[in-house]
Amino acid sequence: MESAIERLQSIAGDAWNQAYQKTIDILPEAALAIVIIGVGLLISTGIYYLAVRIMAFFAIDKLAGKTPLQQLLRNVGIHKNISNIVALLLFWLGVLITLVFAADVLKLEQVSSALTVVTRFIPQVIAALLIVIFGMLLAKFLQVFIEQTLMRVQERFAVITGRIVYVVVLIFVIHLVIEQLGFNLSFVTTNVVIVLCALLFVVSIGAIIAARTLLENALACYQLRQELRVGNKIAVGAISGTVRRFTLTGVVVETHEGDSVLPALTFFQQTYSLKRSHGERS
């Protein structure tokens, strides 16, 4: 009985001595790891506040507010601003880098490898988020630009064209974001591009058919510019007056009742009279 107790005491003593020795051996490394974590947390906090100030200076939240992204985040339950989200991602990036260093000091290779994988992913998320913001802004800018450019021609055609451009740019932005996040979707991308090209072809044919009258008037207006000048007095059907200016598809004529916009095809479908200082031509 006494020998069994002595053996247990010997085993417990050896275990204690080994644990004590390992603790003594690892104590400097543990102390260094704690210092690294403390300094890393301070630096990460500083990076967070610096990132918030920088993005406030460049008005990132205002830019994001002009895109559907902010409302989309709120719909999924994220009520933070874009600047706060990016700053938090940078904060956690700093924390993870700190933990990687601490794990390396403690020689925890598996923990270090796992944290390294996550650490590499966060910059990709930040880059993807910024691509979404500026991509949506570019898509919105092109949509507004095209709508305003074509608004004088035909309002409905301008709105439809602007929305098509917005969707196309947005699709390419999403593709860039997916690639930035490291997903290999080459097979899916190829099929999407084929389908998208087919849709654009069909839409283009439809737009050309829908804009047939528009194109005919534009060509007729180009021909009229060779024959008419601003200030000429004309008579077309029941309308007579003075040519004030040309639009893309018609002629603005000043009459006694006010300005009238005549489609250019009208001058080729009806007989018109042109009064010049040296005579009259029909």
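The values are calculated or read from the model by the stated rules, or taken from the named source; none is laboratory data. These numbers were taken from a predicted model, which means no experiment stands behind them. Don't worry about glycine lacking a Cβ; one is built from the backbone with ideal geometry, like all the others, and counts go over all protein chains shown. All accessible areas refer to the heavy atoms of the entire protein, side chains included, with ligands and DNA or RNA removed. Shrake-Rupley method; radii C 1.70, N 1.55, O 1.52, S 1.80 Å.
Take the residues in the range 209-239 that are among the hydrophobic types (A, V, I, L, M, F, W, C) and in contact with a strand residue (DSSP E or B) (Cβ under 7 Å, 6 or more places away or on another chain); name whichever of them is most open to solvent (accessible area, probe 1.4 Å).
Filtering the range 209-239 down to residues among the hydrophobic types (A, V, I, L, M, F, W, C) leaves 209-211, 214-215, 218-221, 224, 228, 230, 234-236, 238-239.
Still in the running and in contact with a strand residue (DSSP E or B) (Cβ under 7 Å, 6 or more places away or on another chain): 221, 224, 228, 230, 234-236, 239.
Numbers: CYS221: 1, LEU224: 1, LEU228: 1, VAL230: 95, ILE234: 10, ALA235: 30, VAL236: 7, ILE239: 58 Å².
Only one residue tops the list, namely VAL230.
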Name every residue in the range 240-272 that is assigned to a strand (DSSP E or B), open to solvent by less than 60 Å² (accessible area, probe 1.4 Å) and closer than 21 Å to THR213 by Cβ, in order of residue number.
PHE246, GLY250, VAL251, VAL252, VAL253, SER260, LEU262, TYR272
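If I ask for residues that are part of a helix (DSSP H, G or I), at pLDDT 80 or above and under 17 Å from the mean Cα position of the chain (by Cα), which ones from the range 63-93 would you list? Break it down into steps so the answer makes sense when it comes.
Just the residues of the range 63-93 that are part of a helix (DSSP H, G or I), to begin with: 63-65, 69-75, 82-93.
When the remaining residues are screened for being at pLDDT 80 or above, the result is 82-93.
Residues satisfying the conditions are ILE82, SER83, ILE85, VAL86.
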Residues to consider are LEU115, LEU137; find the one that is within 22 Å of ILE82 (Cβ to Cβ), open to solvent by less than 40 Å² (accessible area, probe 1.4 Å) and either assigned to a helix (DSSP H, G or I) or not β-branched (Val, Ile, Thr) (or both).
LEU137
Test of understanding: among LEU73, LEU89, which residue is at negative phi, in contact with a Leu (Cβ under 9 Å, 6 or more places away or on another chain), aliphatic (A, V, I, L, M) and surrounded by fewer than 18 Cβ atoms within 10 Å (Cβ to Cβ)?
LEU89
If I filter the range 222-239 down to residues being part of a loop (DSSP other than H, G, I, E, B) and out of contact with any helix residue (DSSP H, G or I) (no Cβ under 9 Å at 6 or more places or on another chain), which single residue comes out as modelled with the lowest pLDDT?
ALA238
Selected residue (criterion: farthest from ALA64 (Cα to Cα)) from residues of the range 118-129 that are hydrophobic (A, V, I, L, M, F, W, C) and exposed (fewer than 15 other Cβ atoms within 10 Å of the Cβ)
VAL118
Subset of the range 92-105 [without any contact (Cβ under 8 Å) to a residue 12 or more places away in the chain and surrounded by 19 or more Cβ atoms within 10 Å (Cβ to Cβ)]:
none
